[in-house]
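Have a look at the structure below before the remarks.
Here, each number is a calculation from the coordinates, and none is a lab measurement. Model, not experiment: these values are computed from the prediction. Cβ: placed from backbone, ideal geometry, glycine included. Neighbour counts: every protein chain shown.
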Number of protein chains: 2
Amino acid sequence: MSKQELEVIGQDAACCPEVSAAPLDERRAAELAKVFKALGDPVRLRLLSMIASRRGGEVCVCEMTPAFDLSQPTISHHLKLLRQAGLVDCERRGTWVYYWALPDVLDQLAAFLSTRQTAAATVGATA
Amino acid sequence: MSKQELEVIGQDAACCPEVSAAPLDERRAAELAKVFKALGDPVRLRLLSMIASRRGGEVCVCEMTPAFDLSQPTISHHLKLLRQAGLVDCERRGTWVYYWALPDVLDQLAAFLSTRQTAAATVGATA
């Protein structure tokens with residue numbers, strides 16, 4: 001699948017200060033909300049964790065489908081939403097599509113949510 | 001508002017290994033998905049950042065409403081969803097309700113999403 005097929009939402013996540021640093025502007029809030037919405041579903045969270053926890057590698061869609069009581073088109077739809085959010089990428093090889101996690105977006109979201117950096121900066125500024 | 005009024009979703013978030021450590025089980029995926037769903041809306045993300053970035057303090061609902069082109073009941077509904085997710089808490093004093101952030105749940109979500117700890121552990125294990 002080409003990059004052009006999908007708008008990758010998570011690409012600009014690096015731009016955002018952490019949630020406890022400053023009020024978000026509307027544009028950044030809209031970008032981040034799309035990524036969090038992609039995470040706001042238990043099937044997608046389970047798929048993402050199956051992909052992200054695969055050490056050094058990829059997961060075939062054929063390995064993921066049996067873990068769910070859902071059709072393969074439904075699983076593929078959930079995987080497409082994770083891909084649109086910039087959380088995973090994939091490649092078709094022969095019959096199957098293989099997925100891998102994109103840790104940068106996960107780490108950007110983690111940095112956005114963490115209050116620890118802001119707390120440390122505040123302590124530093126007032127010390 | 002009493003604790004009993006609302007089911008606080010985020011309380012068990014500490015239980016979960018990070019997304020890149022192991023596949024999530026169904027129960028944990030359902031719990032976390034509810035919190036991410038609460039974050040999956042631009043108005044709620046902006047409200048949360050307004051509350052979380054207020055240094056050492058609380059934000060009156062009366063200060064937040066003017067930043068949005070939405071009615072106060074709509075803003076209050078979004079704030080209730082943030083509170084149900086365990087991301088903020090509030091107290092009514094006289095006419096107004098005052099909100100503050102609960103950094104523990106934000107930090108638990110950050111730890112869940114971060115791939116850095118897992119990567120460090122993997123390097124440590126294979127060194």
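Each label point was placed 7 Å from the Cα along the Cα-to-Cβ direction; for A:Ser71 and B:Phe68 their separation is 3.7 nm.
Comment: the Cα-to-Cβ extended label point of A:Cys60, at 7 Å, lies 6.3 nm from its counterparts in the other copies, nearest first.
I'd like to compare A:85-98, B:95-108, A:27-40, B:32-45: which one has the highest average count of other Cβ atoms within 10 Å, and what's the full order after that? Could the numbers behind the result be given before it?
Numbers: A:85-98: 16.9, B:95-108: 19.0, A:27-40: 21.3, B:32-45: 22.9.
Taking the mean over residues of other Cβ atoms within 10 Å, the ranking is B:32-45, A:27-40, B:95-108, A:85-98.
Scale the Cα Rg of the range B:27-71 by the rule-of-thumb value 2.2 N^0.38 Å and send over the ratio, two decimals. Walk me through the numbers before you get to the answer.
Values: Rg = 13.0 Å, N = 45, 2.2 N^0.38 = 9.3 Å.
Rg over 2.2 N^0.38 Å, computed on Cα atoms: 1.39.
Counting only other chain Cβ atoms within 10 Å of each residue's Cβ, the peptide A:97-107 averages 3.
The mean number of partner chain beta-carbon atoms within 10 angstrom of a residue's beta-carbon across peptide A:17-27 is 6. Whole-Hz Karplus values for the range B:69-76 come out as 8, 9, 6, 5, x, 5, 4, 5 Hz, taken residue by residue from phi with 6.51 cos²θ - 1.76 cosθ + 1.60 and θ = phi - 60°; glycine and proline positions read x.
Both the radius of gyration and Dmax for the range A:15-117 are 15.0, 48 Å, in that order, over alpha-carbon atoms. Across the copies of the chain, A:Arg27 has label points (7 Å from Cα along Cα→Cβ) spaced 4.5 nm apart, shortest distance listed first.
With its label point put 7 Å out from Cα toward Cβ, B:Asp104 sits 3.6 nm from the same residue's point in the other copies, in order from shortest.
Work out, step by step, the length gained on full extension between A:Lys80 and A:Arg54: first 0.36 nm times the residue separation, then minus their alpha carbon distance; give nm to one decimal. The partial results should precede the final answer.
Values: separation 26, 0.36 × 26 = 9.36 nm, distance 1.87 nm.
Full-extension gain reported as 7.5 nm.
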